[in-house]
Amino acid sequence: MPFLPSLPPEAHLSDLFRLFPENVRPLMEYTDGLLRGPGELSIGERELIATYVSGLNACAFCHESHKVYAETFGIDGDLIDALLDDLDSAEISEKLRVLLRYVRKLNTLPSRMVEADAQAVFDAGWGERALYEAVSITGLFNMMNRLIEGCGINFDYKAHPEAHPAQDRNPAKQARSYGRFGERVLPEQEPGAGKG
């Protein structure tokens, strides 16, 4: 059961956002910019990081939702599972493995990050923008995972795959998926409403 009595028995993130609409649209626009905008990391790699962080945090809602997006943008779902089972033996490039090691440490032990951790990412061939993107995604999904888990969001995409907005797996239709989610959740709100 969700932890907030106003939520339905099978609560989705959209239900939570309808209860507390403040800042939903800017959050979804930020998410679009981070996960869909131009970047050094591909959209698939960015969704992979979102999925990986959510898996590390055992946030089933975000993990399952973003796994669909990662697959939509070319990431093998079995690979995602393998990364969570054992990052060191998963069949990925060493370049990506180094970046995901950084993400894992940042997610689990943020106060223990040192310059050598970043240098390993640069030595693997990534630039500063890629590292910044990975750090930003890790931070965003720690926040989102805690919103989901802290409010008891329990919608199950495995039980209801037809409910996922990317069920057709067409990348072209997902260019602004998060902004559109915010607009679907709060259709009655005009852009910029509530600003004074």
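Fully extending the segment from GLU91 to MET113, taken as 0.36 nm per residue of separation minus the present Cα-Cα distance, adds 5.4 nm.
Taking a ≥ b ≥ c as the square roots of the eigenvalues of the Cα gyration tensor of segment 42-97, is the shape rounded (a/c under 1.5), prolate (a/b larger than b/c) or oblate? Judged from the Cα gyration tensor, segment 42-97 comes out oblate (a/c at least 1.5, b/c at or above a/b). To the nearest 20 Debye, how big is the dipole of segment 42-196 about its Cα centre, given +1 on the beta carbon of each Lys and Arg and -1 on that of each Asp and Glu? Computed about the Cα centre, the dipole is about 500 debye. For the chain, the alpha-carbon radius of gyration amounts to 1.04 times the rule-of-thumb value 2.2 N^0.38 Å expected for a compact globular protein.
Using a/c under 1.5 as the rounded threshold, could you call segment 12-62 rounded, prolate or oblate? The axes a ≥ b ≥ c are square roots of the C-alpha gyration tensor eigenvalues, and prolate needs a/b larger than b/c, oblate otherwise. Oblate, because a/c is 1.5 or more while a/b does not exceed b/c.
Largest first and in whole Å, give the semi-axes of segment 134-190's equivalent ellipsoid, each being the square root of 5 times a Cα gyration tensor eigenvalue. Before the final figure, lay out each step's value.
Numbers: eigenvalues 81, 55, 48 Å².
Largest first, segment 134-190 gives 20, 17, 16 Å.
Taking the charge dipole of the chain about its Cα centre, with +1 at Lys and Arg Cβ atoms and -1 at Asp and Glu Cβ atoms, the residue from PHE141, ALA60, LEU48 reaching farthest to the positive side is PHE141. Neighbours of PHE61 by Cβ distance under 9 Å: Lys/Arg scored +1, Asp/Glu scored -1, total -3. Within the shell of other residues whose beta carbon sits under 12 angstrom from the beta carbon of LEU7, the net charge comes to -1, with Lys and Arg scored +1 and Asp and Glu -1.
When you restrict to C-alpha pairs under 8 Å that are six or more residues apart and normalise by the size of segment 12-80, the relative contact order lands at 26 percent.
Quick note: the coordinates plus some simple rules give every number you see, no bench work behind them. The structure presented is a predicted model; accordingly, all values stated were derived computationally and were not measured. All Cβ positions, even for glycine, are placed from backbone atoms using ideal geometry, and neighbour counts span all protein chains on display.
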